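Each value in this text was obtained by applying a stated rule to the coordinates, not by laboratory testing. Just so it is clear, the model here is predicted, and its values are computed rather than measured. Neighbour counts are summed over all protein chains in view; Cβ atoms, including those assigned to glycine, are modelled from backbone coordinates with ideal geometry.
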Amino acid sequence: MSTQTAPHVPVRTTPFPGLPARFDGKEAEYLLDALKRNNLFYNQPDGYVSRLVKRGAEALNAKYAVATSSGTASIHAAIGAVGVEAGGEVITSPITDMGTCIAILYQNAIPVFADVDPHTYNITAASIEAVMTPRTKAVVVVHLTGNPADMKPIVELCRRKKVALVEDCAQGWGAKYHGRAIGNEGQVGAYSLNNYKHLSCGDGGLCIANDEQTYYNCHNFADKFYDRANKGVRLTGLAPNYRMSELQGAVALAQFDRLDAIVSKRRELGDRLSGAIRGVPGVEPPRTVAGGEPSYWFYMFRIDAARAGMSRDEFANRLNAEGIGCGKGYIAKAIHQEPVFQTKNFFAGGVWPAEVVAQRTYDYTKVRTPICDEVLATSITLSIHEGLSTGDVDDMAKGIRQAAGK
Ligand SMILES: *Cc1c(COP(=O)(O)O)cnc(C)c1O
């Protein structure tokens, strides 16, 4: 007689649904109308980009908004607008998109990396202060996964130290902090409209600001300092062309009709998943700070290997075997561990002008962000989006408990 073990039946045997149709609302109508208007330049009082910035400012609880060509452009315009001088240090997160660092580097400033909180994965007032120096000119907070950073103490710290504060909100459409959209605590909030964000027009971005001068600075920084807002300061500064065309503006404006539904669905699903896996030994759902309402660009949780009795990789393999497709970590390593930082290969010829101005050298091979490394080595990511149902997320939770052996 032979003994046979029953074949493993995964928690989930059917694939998860993908994103629902994203551009089937007013997008086509607006786009065709933009073409018919016979002028695709952004600076038309009744044009799509003009309507977009009004709608965007309103939706994001800000006084002003500026449309740009990307999230990277938005962050660059923000750094330009707050006036970071060459050779100045700008503190940011080591878990971010390269776009955050591009903005800093192109202004001839020096990225400095603060470590992250082990449960929100965001930088904190304490971690920022730990790397502050008299040369610190600005802080760029990244709201990773759309989970708001703990802003109140960061705002207080930046005020006290007289350094500018910019918020990278690229992953955080619809995320709130004490009832207001993220991006309103700092001088500028920078959003992305690239293909993968909650809202998209292919590529594009939005800056929000509440101070009039900061707004004009952003506006001019996104348009070669041509001062098309007519403040009579034409070509008083150096800036790139980060303009958004009417085509992107038309699609982006239509996208705003979806914002509330997308975000409330993601928040419902993400919060539900956290609730369902809380207390599973060795599983650590992400934490939310007081006043924070996350918008779950994706979902990231951590494995405590000692308590789980297995490594993150083994846990992720088990979860995949349960039919719950997941990723190991988010980015492969801290951004400052990438070759471009390790070799400081920023500009041709091996000269980094920021170091020349600062009259000091920076060595990214010596930068240590141990909590960031630990987070990236112990985290698992799941795709949470508006195409999923509560049942789908319940399957994810079931899979996680199954993988944990609970
Ligand atoms: C997407 C993203 C950016 C860059 O946005 P682009 O539109 O791709 O330039 C910057 N920072 C973060 C945190 C992002 O997720």
To the nearest 0.05, what FRET efficiency results for Glu156 and Lys26 with a Förster distance of 45 Å applied to their C-beta separation?
0.60
Between Tyr42 and residues 5 or more places away or on another chain, the pairs with built amide H atoms under 5 Å apart involve Glu246
Compute the distance from the alpha-carbon center of region 109-183 to that of region 91-108, in whole Å.
13
Projected onto the charge dipole of the chain (unit charges on the beta-carbon of Lys, Arg, Asp and Glu, signs +1, +1, -1, -1), the Cα from Ile128, Gly99, Asn317 with the largest positive-side position is that of Ile128
Take the Cα atoms of region 163-257, build their convex hull, and give its volume per residue in Å³.
114
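Just the number, please: Stokes-Einstein D of region 83-137 in µm²/s, Kirkwood Rh from C-alpha pairs, 10 °C, 1.306 mPa s.
Values: Rh = 11.5 Å.
D, rounded to a whole number, is 138 µm²/s.
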Share of alpha-carbon pairs per 10 Å distance bin for region 313-390, given as whole %:
15, 31, 23, 17, 11, 2
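I'd like the antiparallel share, as a percent to the nearest 5, of DSSP beta bridges with both residues in the chain.
Values: 24 of 40 bridges.
The answer is about 60 percent antiparallel.
Taking the Cα centre of region 238-345 as origin and charging only Cβ (+1 Lys, Arg; -1 Asp, Glu), how large is the dipole, in debye to the nearest 20?
Numbers: 15 positive and 12 negative charges, 45 e Å.
That gives region 238-345 a dipole magnitude of about 220 debye.
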Two pseudo-spin positions, 7 Å from Cα along C-beta at Glu374 and at Ser264, lie apart in nanometres by 3.9
Quick check on the exposure proxy: order His119, His385, His8, His143 from fewest to most C-beta atoms within 10 angstrom.
His8, His119, His385, His143
Testing the spin-label approximation: label points 7 Å from Cα along Cα→Cβ at Thr5 and Asp313. State their distance in nm.
2.1
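So how strong a dipole does the chain carry about its Cα centre when Lys and Arg Cβ are +1 and Asp and Glu Cβ are -1, to the nearest 20 debye? Could you put the intermediate results ahead of the total?
Working: 44 positive and 42 negative charges, 62 e Å.
Taking the Cα centre of the chain as origin, the dipole is about 300 debye.
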Hey, with R₀ at 41 Å, roughly what FRET efficiency would Asp33 and Ala306 work out to, going by the Cβ-Cβ distance, to 0.05?
0.10
Per residue, the convex hull enclosing the alpha carbons of region 226-369 has a volume in Å³ of 265
How many angstrom separate the Cα center of region 197-258 from the Cα center of region 359-373?
33
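Report the convex hull volume per residue for region 75-185, counting only C-alpha atoms, in Å³.
Values: hull volume 9.7 nm³, N = 111.
Residue-normalised Cα hull volume stands at 87 Å³.
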Relative contact order, percent, of the chain when contacts are C-alpha pairs under 8 Å separated by at least 6 residues?
22
Counting only Cα, what are the radius of gyration and maximum Cα-Cα distance Dmax of the chain, in Å?
22.3, 93
